[in-house]
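*Asks:* Sharing a structure below in structure tokens format, with a few things to ask.
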Amino acid sequence: MNNYEPAKTPTFYFIGVTTSKSSIMKVFPKWAKALNLDACIKGFDFVPHSPAEDYREVVNYIKNDPNSLGALVTTHKIDLYNAAKDLFDYLDPYALKLGEISSISKKDGKLCGHAKDPISSGLALENFVPENYWKDYGGDVLLLGAGGSSLAMSLYLTSDKHGDNIPGRIIIANRSVPRLESAKKLLKDLENVTNMEYIHNPTPADNDKTLKSLKPHSLIVNATGLGKDAPGSPLTDACQFPQDSLVWEINYRGNLIFKDQAEAQMKEKNLHVEDGWIYFIHGWTQVISEVFHLPIDKELIEKLSEIARS
């Protein structure tokens, strides 16, 4: 049960599922000290797909409480947007495009909602995807899960700034149809840029079949939440990753079975297996920058990452 008592000191919130288990609860106080921020962090936990009134309650609380500065939202980004978008005075273009909110902040008396994932996922991908990768190798992209992270990555990978270095095929696979239909609607403009496929895979065995269809030098991403928000993997242990490919588990904590499955084939298939650490760093620093109106450059990112690792 979340406590919405007025905050006694400036407070930054983490809206998630199991926030107390996140490293950020120990890391943020150290970051705050390094950045000279006068603020503490507090977690609000919701089960995935909570009732709309629960999301409205937390947004109203942050909006009307003077010491509540803002929040980072994980897992609930789309549901919170759908339930409470009318409570915001400003929504950035990515929030409107993707129908999600990952950053809640205040500026000039207005409550602002931003979708930071296209930026933070892009920065994380740039950290391990070689330059001109798609142009040089022509691999596919398989995004397991049709939530906000997959939508954000699709936007980033097909951005104009990449010129002709974009994947020829992006597949979004999901176990429920409504999220797939929503993704297709939100990303309809990308059909002019690349071959977008939306596949209904209700079971991990179905995902195995899609995985098997990929070209070498592909990118496979676990964006389902399985391994962190819920136990398991979107693949079975019988899965076969394509040769010479990049495998990204976007979580950095939990029982990361998907990552284990990829690492078991790493040598044989010449895979690069990446976890979600850099994504975690960029995801948080992008929101902290927005909430505290603080520019964070590459040098500062490296410093904060080092603090977090220690």
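The values are calculated or read from the model by the stated rules, or taken from the named source; none is laboratory data. Note that the structure is a prediction, hence the values are computed from the model and not measured. A quick note on method: Cβ atoms are made from the backbone with ideal geometry, for glycine too, and the neighbour counts reach across all protein chains shown. Keep in mind that these areas ignore ligands, DNA and RNA; they rest on the heavy atoms of the full protein, side chains included. Shrake-Rupley method; radii C 1.70, N 1.55, O 1.52, S 1.80 Å.
*Asks:* Which residues, counting only those in region 1-24, are touching a residue at least 40 places away in the same chain (Cβ under 8 Å), farther than 20 Å from G225 by Cβ and among the hydrophobic types (A, V, I, L, M, F, W, C)?
*Replies:* Across region 1-24, the qualifying residues are A7, F12.
*Asks:* Restricting the search to region 161-192, which residues are of a type in the set (A, V, I, L, M, F, W, C) and either touching a residue at least 60 places away in the same chain (Cβ under 8 Å) or surrounded by 14 or more Cβ atoms within 10 Å (Cβ to Cβ) (or both)?
*Replies:* Once the filter is applied, which keeps residues that are of a type in the set (A, V, I, L, M, F, W, C) and either touching a residue at least 60 places away in the same chain (Cβ under 8 Å) or surrounded by 14 or more Cβ atoms within 10 Å (Cβ to Cβ) (or both), region 161-192 yields I166, I170, I171, I172, A173, L180, A183, L186, L187, L190.
*Asks:* Among D297, D244, which is the only one that is over 20 Å from the mean Cα position of the chain (by Cα) and touching a residue at least 12 places away in the same chain (Cβ under 8 Å)?
*Replies:* D244
*Asks:* Ok, one more. Can you tell me which residue within region 235-262, out of those that are more than 18 Å from G225 (Cβ to Cβ) and among the polar types (S, T, N, Q), is surrounded by the most Cβ atoms within 10 Å (Cβ to Cβ)?
*Replies:* S245
*Asks:* What residue, among those in region 4-53 that are of a type outside the set (A, V, I, L, M, F, W, C) and in contact with a Lys or Arg (Cβ under 9 Å, 6 or more places away or on another chain), is most open to solvent (accessible area, probe 1.4 Å)?
*Replies:* K21
*Asks:* Taking only pairs six or more apart or across chains, which ones have beta-carbon atoms under 7 Å, a first residue in region 193-219 that is under 20 Å from T158 (Cβ atoms), and a second residue that is open to solvent by 40 Å² or more (accessible area, probe 1.4 Å) and of a type in the set (S, T, Y)?
*Replies:* Within 7 Å, the pairs are H217/Y137.
*Asks:* Tally up the residues in region 263-275 that are touching a residue at least 40 places away in the same chain (Cβ under 8 Å) and either open to solvent by less than 70 Å² (accessible area, probe 1.4 Å) or within 19 Å of L37 (Cα to Cα) (or both), please.
*Replies:* Residues meeting the conditions: 1.
*Asks:* Taking only region 135-160 into account, find how many residues are closer than 15 Å to K215 by Cβ and open to solvent by less than 20 Å² (accessible area, probe 1.4 Å).
*Replies:* Result for region 135-160: 4.
*Asks:* Another question, then. Looking only at region 51-70, which residues are hydrophobic (A, V, I, L, M, F, W, C) and farther than 21 Å from I288 by Cα?
*Replies:* To start, the set of residues in region 51-70 that are hydrophobic (A, V, I, L, M, F, W, C) comprises 52, 58-59, 62, 69.
Result: A52, single match.
*Asks:* Another one. Find the residue count for region 157-170, including only residues that are in contact with a Lys or Arg (Cβ under 6 Å, 6 or more places away or on another chain) and either among the small types (G, A, S) or assigned to a helix (DSSP H, G or I) (or both).
*Replies:* Within region 157-170, residues that are in contact with a Lys or Arg (Cβ under 6 Å, 6 or more places away or on another chain) and either among the small types (G, A, S) or assigned to a helix (DSSP H, G or I) (or both) number 0.
*Asks:* If you check E290, E299, E306, which single one turns out to be among the acidic types (D, E), modelled with pLDDT under 95, under 20 Å from G122 (Cα atoms) and open to solvent by 40 Å² or more (accessible area, probe 1.4 Å)?
*Replies:* E299
*Asks:* Of all residues in region 107-141, count the ones that are in contact with a strand residue (DSSP E or B) (Cβ under 6 Å, 6 or more places away or on another chain), charged (D, E, K, R) and touching a residue at least 24 places away in the same chain (Cβ under 8 Å). Can you show your working first?
*Replies:* Step one: list which residues in region 107-141 are in contact with a strand residue (DSSP E or B) (Cβ under 6 Å, 6 or more places away or on another chain), which gives 110, 112-114, 116, 128, 140-141.
Then drop every residue that is not charged (D, E, K, R), which leaves 110, 116, 140.
Still in the running and touching a residue at least 24 places away in the same chain (Cβ under 8 Å): 116, 140.
Selection size over region 107-141: 2.
*Asks:* Against the definition (at pLDDT 95 or above, within 20 Å of the chain's Cα centre (by Cα) and among the β-branched types (V, I, T)), how does I15 come out, yes or no? So that I can check it myself, show each step before the final result.
*Replies:* Numbers: at pLDDT 95 or above: yes; within 20 Å of the chain's Cα centre (by Cα): yes; among the β-branched types (V, I, T): yes.
Judged against the criteria, I15 is a match.
Yes or no, residue by residue, for (1) over 20 Å from D108 (Cα atoms); (2) not charged (D, E, K, R):
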{"position": "Y13", "(1), (2)": "no, yes"}
{"position": "T19", "(1), (2)": "yes, yes"}
{"position": "L35", "(1), (2)": "yes, yes"}
{"position": "F46", "(1), (2)": "yes, yes"}
{"position": "V58", "(1), (2)": "yes, yes"}
{"position": "D65", "(1), (2)": "no, no"}
{"position": "L69", "(1), (2)": "no, yes"}
{"position": "T74", "(1), (2)": "yes, yes"}
{"position": "K77", "(1), (2)": "yes, no"}
